[in-house]
1. Provide the descending list of Cα extents for the range 27-94 along its principal axes, expressed in whole angstroms.
2. At 1.4 Å probe radius, can you tell me the per residue accessible area of the chain in Å²?
3. Distance in nm between label sites at ASP81 and THR105, each 7 Å beyond Cα in the beta-carbon direction?
4. Quick one: pull the percent of accessible area on the chain belonging to carbon and sulfur, 1.4 Å probe, ligands and nucleic acids left out.
5. Under 8 Å for C-alpha pairs, at least 6 residues apart: give me the relative contact order for the chain, rounded to a whole percent.
6. Have a look at LEU13, LEU91, LEU118 and tell me which one the Gaussian network model of the chain (Cα, springs below 10 Å) gives the largest fluctuation.
7. Rank these by accessible area, largest first, 1.4 Å probe: ASP88, ASP46.
8. Taking just the C-alpha trace of the range 1-116, give me its Rg and Dmax in Å.
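The values are calculated or read from the model by the stated rules, or taken from the named source; none is laboratory data. Only a predicted model underlies this, so the values are computations on that prediction, with no experimental measurement involved. Reconstructed Cβ throughout: ideal geometry from the backbone, glycine too, with neighbour counts over all protein chains shown. The protein model used for the area step is the full one, side chains on, heavy atoms only, and it has no ligands, DNA or RNA in it. Shrake-Rupley method; radii C 1.70, N 1.55, O 1.52, S 1.80 Å.
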Amino acid sequence: MKILAIDDDREILYALKAVFETQDWGALMARNVKEGMELYRREAPDLILIDYHMPHMNGIDGVRLLRRQDPDIPIIVFTIDEDQAVADRFLEAGASDFAIKPIRTPDILSRIRVHMKLLKSRRADAGKGE
C-alpha cells in the first residue's frame with residue numbers, strides 16, 4: 001500500500017513517513033499540492049492525507065483537484081482548525097475523513113485502515129457487478 005502525505009511542515013512529513021514505514025506502507029511525501037499532484041500521477045497512491053493550511057493552494061482546493069482525478073481514493077484531511085464549518089467545507093469538496101492535529105499515531109492508523117477496508121469493499125462490490 002502507498003500513502004501520499006501532503007503537508008508543508010517537514011517535521012510532520014518526517015513523522016508520518018516513520019509511522020507508515022512501521023506498517024510496511026510506501027510513503028510518498030509532498031510539501032504542497034502541486035508536488036502532491038505530480039506524485040499522485042506518477043505513483044498512484046492508495047490513500048491521501050492532506051493538510052489544510054499550505055502556501056500557494058490550501059487543502060480544500062487540493063482535495064477538489066485530487067477528487068477530479070480519482071472519485072474513489074480515500075482522502076483524509078488534517079488540520080489544527082477544530083471548526084465544524086471547516087470540516088464541512090472539506091467534506092463538501094470531497095474529503096473522506098477529517099482529523100485534528102496534533103496527529104496521534106493510533107488515530108491516524110485506525111483511520112487509514114478503516115478507509116482502506118471501505119475501498120477494498122467498494123472495489124469488490126464493483127467487481128461483482130461486472
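1. Projected onto the principal axes, the Cα atoms of the range 27-94 cover 34, 24, 19 Å.
2. 56
3. Result: 3.0 nm between the two label points.
4. For the chain, the apolar C and S fraction of the accessible surface comes to 49 percent.
5. Taking the mean separation of contacting Cα pairs over the length of the chain, I get 20 percent.
6. Maximum among the listed residues: LEU118.
7. Sorted descending by solvent-accessible area, the residues read ASP88, ASP46.
8. When restricted to Cα atoms, the range 1-116 yields Rg and Dmax of 12.5, 35 Å.
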